[in-house]
Amino acid sequence: MEFPVYIWLGPWRIHPHVLFETLSYFIGFRLYLWTRRPSEMSKLAGLQILGGTILGAAIGAKMLYYFEDPAATWEQLRQGNFLWGGKTIVGGLLGGLIGVELAKKWAGWKSSTGDDFVYPLIVGMAIGRIGCFLTGLEDHTYGIATSWITGVDFGDGILRHPAQLYEIGFLLALGLILYPLYRRSRKAQPRSDGYVSGKMFQWFMAGYLAFRFVIEFIKPTPHPYFGLNNIQLACIAGLIYYGWLLVRRGGDGSRIRVNKPAAG
């Protein structure tokens, strides 16, 4: 296999990253429209929240990328191609989280909207990673050199961890693990089984951030922050936040109650 693996559609030769990234957005959004639950949210509030999500994700994906190598970012600050190029999924997820929460406050919507995004995100991210893998060395998402049987030569004669395929496998496994929560999230209100809306999204984020924290150790990116890289620092921050949410709600959707001893 020669990388990048271009895709031929009739007379057009399409770069795999462009094709699969476009498919990830299109299919993920269509899946969201197909699977989202009925809601009393107004169209205006929905557009405000969607806009906040997209804007937050775009800013987060770019900002976290700039911290991958601070010295290189500073040196190339005036180069437009550097500023426009590059983005990170973790930054997009965390930035989108901040954007949607701010937009919800602005729109006056208090209910959780995260559960409806879980499977569209899983499918979209998995499709996008196919494009990353087929792009090869140009995409900078591969792993370090390895002697494992999974090693792939992306064109430079070195067998490397196919980190993109590892991520696809993890996302598919995570989707299966979260399916019981998905079924519970589909049940009509009011709830009688202790499920709190948004818990599936919290477990999705916690699981994905934990995976990315671990797999970043086999990525050939700079690790200038006490042996960690920019994505790992963001993962730690996200895990602290979602760990707090899950512990606060007892992990089963119900808030933990502390029984105080009776005065006597």
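The peptide list 115-128, 202-215, put in order of mean Cβ contacts within 10 Å with the highest first, becomes 115-128, 202-215.
Per residue, the Cα convex hull of region 101-173 amounts to 114 Å³.
Can you give the FRET efficiency for Ile7 and Leu172, using 1/(1 + (r/R0)^6), R0 = 30 Å, r = Cβ-Cβ distance, to the nearest 0.05?
Computed FRET efficiency for Ile7 and Leu172: 0.85.
Please find the FRET efficiency linking Leu137 to Arg30, where r is the Cβ-Cβ separation and R0 is fixed at 22 Å, and quote it to the nearest 0.05. Between Leu137 and Arg30 the formula returns 0.10. Taking 28 Å as the limit for the C-alpha separation, the pairs Lys87/Lys110; Lys105/Lys219; Lys110/Lys187; Lys105/Lys199 exceed it in the case of Lys87/Lys110; Lys105/Lys219.
Please sort by residue number the GluC sites (Glu not before Pro) in region 18-72 whose DSSP state is loop and whose Cβ has at most 13 other Cβ atoms within 10 Å.
Answer by residue number: Glu40.
Estimated translational diffusion coefficient (Stokes-Einstein, Kirkwood radius over Cα pairs, 20 °C, 1.002 mPa s) of region 141-242: 136 µm² per second.
Modelled spin-label separation between Leu159 and His223, with each label point placed 7 Å from Cα along the Cα-to-Cβ direction: 2.2 nm. Pairwise Cα distances in region 1-43 exceed 15 Å for 61 percent of all pairs. A simple spin-label model places the labels of His15 and Leu44 4.1 nm from each other, with each point 7 Å out along Cα-to-Cβ.
Every number here is computed from the coordinates shown, using simple stated rules; none is lab data. Computed from a prediction, not measured in an experiment: that's the story for all the values here. Positions of Cβ are backbone-derived with ideal geometry, glycine not excepted, and every protein chain shown enters the neighbour counts.
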